[in-house]
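Asks: One structure, pasted below without further comment.
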Amino acid sequence: MRPNAFWIRWMTVVAAAMVALGVVMAIAGGTGLLGFLNDRFDPTFWGDAPVPEPAVDYRAWLFAVLGGTMAGWSVAMIVLIRRGIAEGIRWAWTAVALGLAVWYPLDTGYSLGHHVWINAVGNTVILASMAVPLLIVRRSTR
């Protein structure tokens, strides 16, 4: 029995959005395009003080590394979803589920510990968007 096509498409769209966000982060991390994120991150670490120039450079590099990693991880998820889970293959389901299970508590835990609420909220939305359909299609994998 193959998993419901709606949920396969849903997870694919979520993962594709993560690819797009990762590419934007990697390319635009050093530009003003991500100012809405910086406006939320910076006060957590710098308060009302201006962000030092070396920290601005570091942030641009960090966005590039994190964005590239997120894009690559999400491409792998798309392949696992479209070629594994869609075919009802349990190990592909397990790979996606374990990837989420390792990523979420580490990323979100550190975000909460550093009071970076926007990242914790975004992570929770992504997790829910993937975990709910994963649980729904689990029974149709073998």
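Asks: Can you find a residue that is modelled with pLDDT of 95 or more, within 12 Å of the chain's Cα centre (by Cα), in a helix (DSSP H, G or I) and within 20 Å of MET11 (Cα to Cα) anywhere in the range 81-95?
Replies: no
Asks: Collect the residues in the range 110-138 that are in contact (Cβ under 8 Å) with a residue 24 or more places away in the chain, among the β-branched types (Val, Ile, Thr) and farther than 27 Å from ASP42 by Cα, keeping them in residue-number order.
Replies: ILE136, VAL137
Asks: Condition first: aromatic (Phe, Trp, Tyr), over 30 Å from ASP39 (Cβ atoms) and in contact with a Leu (Cβ under 8 Å, 6 or more places away or on another chain). Now tell me which residues in the range 86-121 satisfy that. Write out each step before concluding.
Replies: Of the range 86-121, the ones aromatic (Phe, Trp, Tyr) are 91, 93, 103-104, 110, 117.
Filter once more, keeping what is over 30 Å from ASP39 (Cβ atoms): 91, 93.
If the condition is that a residue be aromatic (Phe, Trp, Tyr), over 30 Å from ASP39 (Cβ atoms) and in contact with a Leu (Cβ under 8 Å, 6 or more places away or on another chain), then TRP93 is the only one that fits.
Asks: What are the pairs, 6+ residues apart or on separate chains, where a residue within the range 61-78 that is assigned to a helix (DSSP H, G or I) has its Cβ under 8 Å from a residue that is surrounded by 14 or more Cβ atoms within 10 Å (Cβ to Cβ) and of a type in the set (S, T, N, Q)?
Replies: If the second residue must be surrounded by 14 or more Cβ atoms within 10 Å (Cβ to Cβ) and of a type in the set (S, T, N, Q), the pairs left are ILE78/THR12.
Asks: Given THR44, THR31, which one is over 29 Å from THR12 (Cβ atoms), among the polar types (S, T, N, Q) and surrounded by fewer than 15 Cβ atoms within 10 Å (Cβ to Cβ)? Please lay out each step first, then the result.
Replies: Values: THR31 fails: over 29 Å from THR12 (Cβ atoms).
Exactly one of THR44, THR31 is over 29 Å from THR12 (Cβ atoms), among the polar types (S, T, N, Q) and surrounded by fewer than 15 Cβ atoms within 10 Å (Cβ to Cβ), namely THR44.
Asks: If the requirement is being assigned to a helix (DSSP H, G or I) and under 24 Å from LEU112 (Cα atoms), which of these qualifies: VAL13, VAL23, VAL19, VAL51?
Replies: None of the others qualify; the one that does is VAL19.
The values are calculated or read from the model by the stated rules, or taken from the named source; none is laboratory data. Just so it is clear, the model here is predicted, and its values are computed rather than measured. Heads up, the Cβs are rebuilt from the backbone with ideal geometry, glycines too, and the neighbour counts pull from every protein chain shown.
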